[in-house]
1. For a protection proxy built on the mean count of beta-carbon atoms within 10 angstrom, sort 89-95, 159-165 highest first, please.
2. In nanometres, what is the gap between the two model label sites at residue 140 and residue 80, each 7 Å from Cα along Cα-to-Cβ?
3. FRET efficiency for residue 192 and residue 125, Cβ-Cβ distance as r, R0 = 41 Å, nearest 0.05?
4. Let me know the shape class of region 96-194, please: from the alpha-carbon gyration tensor, a ≥ b ≥ c as square roots of the eigenvalues, rounded when a/c is under 1.5, otherwise prolate if a/b is greater than b/c, or oblate.
5. How big, on average over all directions, is the shadow cast by the Cα convex hull of the chain, in nm²?
6. Points 7 angstrom from Cα along the Cβ direction at residue 72 and residue 132: gap in nanometres?
7. If each residue of separation counts as 0.36 nm, what is the full-extension length gain between residue 113 and residue 58 once their alpha-carbon separation is subtracted?
8. Angle, helix 174-186 long axis vs. longest principal axis of the chain, Cα atoms, 0 to 90°, nearest 10?
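Read the figures in this text as sums done on the coordinates, not as results from a lab. A quick note: this is a predicted structure, and the numbers were derived from the prediction, not measured. When we count neighbours, we look across all protein chains shown, and the Cβ atoms used for this are built from the backbone with ideal geometry, even at glycine.
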């Protein structure tokens, strides 16, 4: 190989390396989708606990406390006001998704379409600590996931992450649609088409 050809191939290799997505591309989005799936799965236990203890699905004080805590944590992580607003919108969507999932369980149990639970983990001692851990992990993952959604492949990346997490398209599951709505909005598509 001539020195000139060697330099040309080296230049091409450098150019390809610069144009290639970083090694972490998609990883944070995949992790976020997995955490979203995990959070939705925990809602099965939340619904069971509330059903057995005749609790209301709506818990406005808890919702406000969660949103305020996430905004404080976002500020502590150095996110600016606009990003903190996006964090709030993201967690509002997770709360909406949680209520959709719980309502679906309650409706099925009331109609007899599913067997009501006979037991459930304790809400304060077991479920909420899991939700807090998941929420903090989501917050830590969000900024890099947002970066992964930029560009022309954001929508495809989002769909792939959702599938990898084992979640159906939003149009097939209203809770998934609600959970993914702010991410779908970020890539410029309606949640039911994301």
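1. On the way: 89-95: 20.1, 159-165: 18.6.
So the peptides 89-95, 159-165, ranked by packing, come out 89-95, 159-165.
2. 2.5
3. Numbers: r = 37 Å, r/R0 = 0.90.
FRET efficiency, residue 192 to residue 125: 0.65.
4. On the way: a/c = 3.00, a/b = 1.54, b/c = 1.94.
Oblate, since a/c reaches 1.5 and b/c is not below a/b.
5. Values: hull surface 58.3 nm².
Across all orientations, the chain yields a mean hull projection of 14.6 nm².
6. Computed distance between label sites residue 72 and residue 132 equals 1.1 nm.
7. Numbers: separation 55, 0.36 × 55 = 19.80 nm, distance 2.26 nm.
The residue 113-residue 58 span can extend by a further 17.5 nm.
8. The two axes meet at around 30 degrees.
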